[in-house]
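Colleague: The structure that follows is given in the form of structure tokens.
Each value in this text was obtained by applying a stated rule to the coordinates, not by laboratory testing. The model shown is predicted, which means the values in this text are computed figures rather than measured ones. Here the Cβ positions follow ideal geometry from the backbone for every residue, glycine too, while neighbour counts run over all protein chains shown.
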Amino acid sequence: MEIVTFGSGCFWCTEAVFQQLKGVETVVSGYSGGHVENPSYEQVTTGRTGHAEVCQIQFDPGQISFEDILEVFFSTHDPTTLNRQGNDVGTQYRSAIFYHSEEQRETAERVKAELDKSGTWKNPIVTEIVPFEKFYQAEGYHQNYFRNNPNQGYCRMVIAPKLDKFEKVFKLKIRG
């Protein structure tokens with residue numbers, strides 16, 4: 001098994017996407033990249049702890065490659081907006097790859113550079129690629145949020161449409 005930690009805006013959206021991928025074993029919502037020990041959601045949302053909302057993803061590289069994981073990561077959020085995803089604004093919503101190995105760093109840097117050169121986005125990718133240091137699991141009510149709250153307003157208006165788009169683009173990589 002391999003682990004990577006991604007920040008791509010609201011962790012509820014990221015979690016809902018990656019839970020559907022073949023080869024992904026676990027997705028845990030939490031916080032990384034900050035300077036406060038054991039931060040709470042309320043602290044992180046102020047933007048003053050330095051943490052990003054993240055998902056720590058454990059996957060089987062025999063079933064899905066890290067490059068495929070990165071393809072989903074870059075395709076399911078806007079990696080060109082600094083500290084913002086949709087209406088979520090602040091450093092806690094930054095686009096970030098917290099790599100767990102030198103191989104992950106090299107692959108992430110290469111994929112990011114290739115995407116920048118491809119012209120997929122009209123603006124440059126601002127995703128930070130930084131070494132993983134610590135992960136703090138988010139409070140229990142944040143785990144499996146979309147699965148547990150599909151009729152909540154944010155889930156219906158933001159996450160469900162994102163999942164519909166994801167399922168169309170990545171239908172061959174979704175669990176059966």
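Colleague: Name the residue from Tyr141, Tyr154, Ile69 whose Cα lies farthest towards the positive end of the charge dipole of region 44-176, charges +1 on Cβ of Lys and Arg and -1 on Cβ of Asp and Glu.
Modeller: Tyr154
Colleague: Step through the residues of region 125-138 one at a time and calculate ³J(HN,Hα) from phi using the Karplus curve (6.51 cos²θ - 1.76 cosθ + 1.60, θ = phi - 60°), rounding each to whole Hz and writing x for Gly and Pro.
Modeller: Along region 125-138, the couplings run 6, 10, 4, 7, 10, 9, x, 5, 10, 9, 10, 10, 5, 5 Hz.
Colleague: Which of the GluC sites (Glu not before Pro) across region 30-63 are loop residues per DSSP, with 14 or fewer other Cβ within 10 Å? Each step should come with its number before you reach the end.
Modeller: Working: sites: Glu37, Glu42, Glu53; in loops: Glu37.
Taking region 30-63 and a limit of 14 other Cβ atoms within 10 Å, the loop GluC sites (Glu not before Pro) found are Glu37.
Colleague: From the list (1) 51, 31, 30; (2) 37, 35, 33; (3) 54, 27, 22, can you say which value of Cα extents along the principal axes in Å was derived from the structure given?
Modeller: For Cα extents along the principal axes in Å, the calculated option is (2).
Colleague: Taking amide hydrogens as modeled 1.01 Å from N in the peptide plane, which residues meet the under 5 Å criterion relative to Val126, leaving out close sequence neighbours?
Modeller: Residues meeting the amide H criterion: Thr80, Thr81.
Colleague: Helix-only mean residue ellipticity at 222 nm, the chain, DSSP H runs n ≥ 4 weighted -39,500 (n - 2.57), per residue, nearest 500. What is it? Don't jump to the answer; show the numbers that get you there.
Modeller: Details: 6 runs with 53 residues, N = 176.
After summing the helix terms and dividing by residue count, I get -8500 deg cm²/dmol.
Colleague: Throw me the Rg/Rh for region 27-99, computed over C-alpha atoms with Kirkwood Rh, two decimals. Walk me through the numbers on the way to the answer.
Modeller: Numbers: Rg = 13.3 Å, Rh = 13.3 Å.
Dividing the radius of gyration by the Kirkwood radius yields 1.00.
Colleague: Further question on the same structure: What FRET efficiency comes out for the pair Lys117/Gln63, r = Cβ-Cβ distance, R0 = 35 Å, nearest 0.05? Intermediate values should be presented prior to the final figure.
Modeller: Details: r = 29 Å, r/R0 = 0.83.
Efficiency, from the Cβ-Cβ distance: 0.75.
Colleague: So, one more: Who wins for biggest fluctuation among Ala96, Ala113, Ala160 in a Gaussian network model of the chain, springs between alpha carbons below 10 Å?
Modeller: Of Ala96, Ala113, Ala160, the most mobile in the Gaussian network model is Ala113.
Colleague: In nm, give the distance between the simple-model label positions of Met1 and Leu172, each being 7 Å from the Cα along the Cα-to-Cβ direction.
Modeller: 2.8
Colleague: Hey, another quick one. Each residue of region 32-41 in order: what ³J(HN,Hα) in whole Hz does its phi give by Karplus 6.51 cos²θ - 1.76 cosθ + 1.60, θ = phi - 60°, with x for Gly and Pro?
Modeller: Values per residue, Gly and Pro as x: 8, x, x, 10, 9, 6, 6, x, 9, 4 Hz.
Colleague: Over the chain, what is the mean sequence separation of C-alpha contacts under 8 Å (at least six apart), divided by residue count, expressed as relative contact order in percent? Let's see the in-between values first.
Modeller: On the way: 310 pairs, mean separation 55.0, N = 176.
For the chain, the relative contact order is 31 percent.
Colleague: Which is the longest run of the chain containing none of the trypsin sites (Lys or Arg not before Pro) found in DSSP loop states (not H, G, I, E, B) with at most 12 other C-beta atoms within 10 Å?
Modeller: Longest gap between qualifying sites, sites excluded: 1-121.
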